[in-house]
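Novice: Okay, handing you the structure first.
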Amino acid sequence: MSESCNSRHFSWLMKSCLPNPSDAKSLVPIHHHANPPATVTPISSLPDDLLLECLSRVPSSSIPSLTAVCRRWSRLLLSPYFLHLRRRLGLLRHSLFAISAVDSGLFAAVLQIQSEVPSWRVSLAVCNDGGQGSLSHARAAAIGPRVYVVSRNAVLRYDAWTGTVAVRSPMIFPRKKFAIAVVSGKIYVAGGGGGSEVTAAVEEYDPERNRWEVVTHAARKRYGCIGAAVDGVFYVIGGLKIGNETSVTSRGTAAHVYASSMDLFDVRSRQWLRSRSVPGGGCVVAACAAVEHVYVLSSHAVELSFWRFYARRGGGGGFGEWTRLKSPPLPAQVRLDGTVRFSCVGVEDKVAVVQVVGCIDDLLRRSGRSERGLRESLVLLYDTVDGEWRRAADLPEMITRAACACVEW
């Protein structure tokens, strides 16, 4: 890739800026003077801000070819300013992405939830950098069109625009089953397995510098927790307690408290806020953020409950209020165990609950039930406006143990 731009690569861009010589209406009479004509300024000499204004208006289908023009254009297209301009122009869309790792790279499945008939589109992104590492127990977090697949000892960045995969710096402390969320363009992780010191450390990832650093330590060491973020607060939700207790009773009580509570970390002030408990107890199995709320799916032995936590601070008040919502349409009186796992993703005004591991039919069979049709890869959508659930297209067969995220692209 060249450092400078070649005019042959963007003749289509110049056509929108210069008049058509064959169109008489577009031509302005030219008055000749004794002075020599002005020198034509090539587009490559435009400053970054003006060039970004031009590039931000191209259709999404043209972005992959733009990144190949030169290094300068590629750098501008990766900048947060490009994303901000497209957002201001209303050219971005939100989609549900499910990422599954294979030996050669990643399977990426995208679901346009707002479509009249949503269907999955799958592509294979090959990792050419090497060093993919193990992606078991991976979590996904999206910053604009880029999905960061974070696992115990590896981080991959998938670009939804170009369909490419790049290897990024791994976490400082290898861990699994941790909480992850994005706040102000940076990724935060907390909890997980890997030792007491690892579990307590909260790491921050800066995608521009490709660097991780520890920003604080959590008082509660959680394993198997879930992350969400609203209004600058990183929520570390559910999970089990890691650490020694003096008695069996205290261990059981602590595990229950951790599984039905969440810790709040204010990223800007670097302070921990007061922890909150999920009403009704139970064990949090999935959670996400959507429309200024944190949505929590809890398991109560033989049933599921669905809750909404108002997470917008200041203003009209109401911060911290819980509301019980309509439960997802799953068979009643089925005991969910560790063989079935859900992922929860907020996509604009929808909440998607994706069954990423296990088969509910197997649970029904073990309990002597005859219902069928709820196998693995189930996808349910909750409308936060009308409060109703509907079933969406199941995950494609090749997407297994998926890491899910909402992508703005």
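Read-outs throughout are calculated quantities, based only on the coordinates presented, and are distinct from any laboratory measurement. Computed from a predicted structure; not experimentally measured. Please note: Cβ atoms are built from the backbone with ideal geometry, for glycine as well, and neighbour counts cover all protein chains shown.
Novice: Taking neighbour counts of Cβ atoms within 10 Å as a proxy for exposure, in what order, fewest first, do Glu303, Glu321 appear? Provide the component values of the computation, followed by the final result.
Specialist: Numbers: Glu303 16, Glu321 11.
Final ranking by Cβ density, sparse to dense: Glu321, Glu303.
Novice: Oh, and also: Exceeding 27 Å between C-alpha atoms, which entries from my cross-link table qualify? They are Lys177/Lys350; Lys241/Lys350; Lys176/Lys326.
Specialist: Lys241/Lys350; Lys176/Lys326
Novice: How much length is gained on full extension from Val302 to Glu53, taking 0.36 nm per residue of separation minus their Cα-Cα distance?
Specialist: Result for the pair: 84.2 nm of gain on full extension.
Novice: On to the next question. Just grab the label-to-label distance for Leu46 and Ser74, each label 7 Å out from Cα along the Cβ direction, in nm (one decimal).
Specialist: Calculated label separation equals 2.1 nm.
Novice: Explain nothing, just the number: dipole magnitude of the range 33-92 about its Cα centre with +1 on each Lys and Arg Cβ and -1 on each Asp and Glu Cβ, in debye rounded to the nearest 20. Please list the in-between numbers first.
Specialist: Numbers: 7 positive and 3 negative charges, 45 e Å.
Here the size comes out at about 220 debye.
Novice: Let me ask something additional. For the pair Val117/Arg313, report the inter-label distance in nm, with labels modelled 7 Å from Cα in the Cβ direction.
Specialist: Inter-label distance under the simple model: 4.7 nm.
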